[in-house]
1. Determine which member of the set D116, D82 is modelled with pLDDT of 90 or more, among the charged types (D, E, K, R) and more than 22 Å from G13 (Cβ to Cβ).
2. Any residue in region 11-19 that is modelled with pLDDT of 90 or more, in a loop (DSSP other than H, G, I, E, B), polar (S, T, N, Q) and surrounded by fewer than 21 Cβ atoms within 10 Å (Cβ to Cβ)?
3. Looking at V100, V61 in this structure, which one is touching a helix residue (DSSP H, G or I) at 6+ places or on another chain (Cβ under 9 Å) and not in a helix (DSSP H, G or I)?
4. Scan Q8, Q26 and give me the residue that is within 16 Å of R124 (Cβ to Cβ) and out of contact with any Pro (no Cβ under 9 Å at 6 or more places or on another chain).
5. It is to be established whether one or more residues within region 68-82 are polar (S, T, N, Q) and either free of Cβ contacts under 8 Å to residues at least 24 places away in the same chain or in contact with a strand residue (DSSP E or B) (Cβ under 7 Å, 6 or more places away or on another chain) (or both).
6. Kindly evaluate V63 against the criterion of being within 23 Å of G133 (Cα to Cα) and either more than 15 Å from the chain's Cα centre (by Cα) or of a type in the set (A, V, I, L, M) (or both).
7. Which ones in region 103-124 are of a type in the set (A, V, I, L, M, F, W, C), in contact (Cβ under 8 Å) with a residue 24 or more places away in the chain and not in a strand (DSSP E or B)?
8. Please verify whether A60 is more than 19 Å from R103 (Cβ to Cβ), among the hydrophobic types (A, V, I, L, M, F, W, C) and surrounded by 15 or more Cβ atoms within 10 Å (Cβ to Cβ), treating the condition exactly as stated.
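The values are calculated or read from the model by the stated rules, or taken from the named source; none is laboratory data. Since the structure is predicted, the reported quantities are computational estimates derived from the model, not experimental observations. Cβ placement follows ideal geometry from the backbone for every residue including glycine, while neighbour counts extend to all protein chains displayed.
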Amino acid sequence: MLPGRALQPLSGGGAVRVGANVRRAQVVVLTHPEPCEACATYLTSLHEAADLIQGEGAHAVAVVTPPWRDRAASIPLPALIDDGVISSRLSRSHQPVVAVADRFGQLFARFDAGEDHLFPAHERILTSLLGIGIGCPECGVPDVPCATVLPDWDATSGGMRLLQ
């Protein structure tokens, strides 16, 4: 579970909730503590997929440390200042991580990017969001039978809903 936190935006303003008990599913990108080009590039690429992420009823945020303040203008995603709780839950070694959670903070996927910045492709994130979207809120059972073929993904999976 992601803990529910109210974090300050890097660009200033009022606190933003992340983790448990938010209104939408979430993609949380934990960056290196010190600004680096590879993490910034991934945040930009994830922003370019924002329409697809929003189409799955989710939003993406970056969780960064105060040294990123100098790069705030170059981060297109909402960037929140880490208070240490989210980062300690996702990565004890302070390496980049991408986490996909539902609105209750339940983690559905966690991708370690590591020192080599091996971030997950957007398709892997979207697949995780589809998994969240198809489950019955009470029991997690898919809404659509397993034999359904997804035309946009050219695959059958454990009950994914049809894409329109």
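1. After applying the criteria, what remains is D116.
2. So in region 11-19, the residues modelled with pLDDT of 90 or more come out as 14-18.
When the remaining residues are screened for being in a loop (DSSP other than H, G, I, E, B), the result is 14-15.
Next cut, polar (S, T, N, Q) only: none.
Within region 11-19, none of the residues are modelled with pLDDT of 90 or more, in a loop (DSSP other than H, G, I, E, B), polar (S, T, N, Q) and surrounded by fewer than 21 Cβ atoms within 10 Å (Cβ to Cβ).
3. On the way: V61 fails: touching a helix residue (DSSP H, G or I) at 6+ places or on another chain (Cβ under 9 Å).
Going through V100, V61 in turn, just one is touching a helix residue (DSSP H, G or I) at 6+ places or on another chain (Cβ under 9 Å) and not in a helix (DSSP H, G or I): V100.
4. Values: Q8 fails: within 16 Å of R124 (Cβ to Cβ).
Every option except Q26 fails the conditions.
5. Within region 68-82 (the criterion being polar (S, T, N, Q) and either free of Cβ contacts under 8 Å to residues at least 24 places away in the same chain or in contact with a strand residue (DSSP E or B) (Cβ under 7 Å, 6 or more places away or on another chain) (or both)), the answer is no, since none of the residues qualifies.
6. no
7. To start, the set of residues in region 103-124 that are of a type in the set (A, V, I, L, M, F, W, C) comprises 104, 107-109, 111, 113, 118-119, 121.
From the residues that got through so far, the ones that are in contact (Cβ under 8 Å) with a residue 24 or more places away in the chain too are 104, 107-108, 113, 119.
Once the filter is applied, which keeps residues that are of a type in the set (A, V, I, L, M, F, W, C), in contact (Cβ under 8 Å) with a residue 24 or more places away in the chain and not in a strand (DSSP E or B), region 103-124 yields F104, A113, F119.
8. Details: more than 19 Å from R103 (Cβ to Cβ): no; among the hydrophobic types (A, V, I, L, M, F, W, C): yes; surrounded by 15 or more Cβ atoms within 10 Å (Cβ to Cβ): yes.
Considered against the rule, which asks whether it is more than 19 Å from R103 (Cβ to Cβ), among the hydrophobic types (A, V, I, L, M, F, W, C) and surrounded by 15 or more Cβ atoms within 10 Å (Cβ to Cβ), A60 comes out as no.
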